[in-house]
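The values are calculated or read from the model by the stated rules, or taken from the named source; none is laboratory data. The model shown is predicted, which means the values in this text are computed figures rather than measured ones. All Cβ positions, glycine included, derive from the backbone under ideal geometry; neighbour counts span all protein chains shown.
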Amino acid sequence: MSAGELRLLADGMLGRLARWLRLLGYDTAYERDADDLHLARRARAEGRVLLTRDRELAARRGLSTLLIESEVVEEQVRQVQETIGPPPEPALSRCTICNMVLEPVAREQVAELVPPYVLRTHEQFWLCPGCGRVYWQGTHLRQIKRMVSGVSGRSADSAD
């Protein structure tokens with residue numbers, strides 16, 4: 001599997017991990033309430049690596065799985081990166097809610113969708129074509145960069 005084809009599926013116990021992996025640039029589907037059979041079928045059908053804390057599910061034959069050992073999200077992210085490799089896409093390129101690749105948009109296109117202060121103080125915006133959420137590089141970016149830097153050992157500026 002090449003890095004560009006790397007696709008993940010997080011089970012219901014790993015919602016926070018799924019969001020962080022999306023922020024970092026991993027294609028990460030998330031199933032909050034799915035049973036083991038549904039997760040296994042989806043992972044196989046879509047060629048996804050199933051991320052789970054369930055030892056029995058991780059041991060299923062015919063599935064590509066990664067048993068997540070820690071309950072701490074930073075350690076979970078580190079385990080994914082060390083086992084699977086770096087994200088195939090740049091950080092901040094996916095919607096944290098629905099996993100779609102974000103599309104750059106002009107300020108005028110989001111003028112009615114963001115607070116006036118944000119519109120005045122930011123030049124770059126991205127729109128999720130799936131759920132319509134608008135993204136910009138706000139104050140949360142520092143926290144994201146700290147996580148990227150702390151987990152991967154990369155410079156925080158490489159998250160731009």
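Results, tabulated for the structure shown:
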quantity: Verdict on Leu92 being among the aliphatic types (A, V, I, L, M), crowded, with 18+ Cβ neighbours inside 10 Å, not assigned by TED's automatic domain parsing to the domain that holds Gln137 and not in a loop (DSSP other than H, G, I, E, B); calculated: no
quantity: Among the candidates Ala43, Ala58, residue that is in contact with a Ser or Thr (Cβ under 9 Å, 6 or more places away or on another chain), at pLDDT 95 or above and within 14 Å of Arg7 (Cα to Cα); calculated: Ala43
quantity: Test: residue in segment 95-114 that is at pLDDT 95 or above, polar (S, T, N, Q) and in a helix (DSSP H, G or I); calculated: yes
quantity: Segment 100-115 residues that are on the phi < 0 side of the Ramachandran plot and not assigned by TED's automatic domain parsing to the domain that holds Tyr30, paired with ones that are assigned to a helix (DSSP H, G or I) and of a type in the set (A, V, I, L, M) (beta carbon under 8 Å, 6 or more apart); calculated: Arg107/Leu119; Val110/Leu119; Ala111/Leu119
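One line per residue, one yes/no per condition, for (1) surrounded by 14 or more Cβ atoms within 10 Å (Cβ to Cβ); (2) free of Cβ contacts under 8 Å to residues at least 12 places away in the same chain; (3) under 25 Å from Ala91 (Cβ atoms):
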site	(1), (2), (3)
Glu5	no, no, yes
Ala10	yes, no, yes
Leu14	yes, no, yes
Trp20	yes, no, yes
Asp33	no, no, no
Asp36	yes, no, no
Arg44	yes, no, no
Arg53	yes, no, yes
Leu66	yes, no, yes
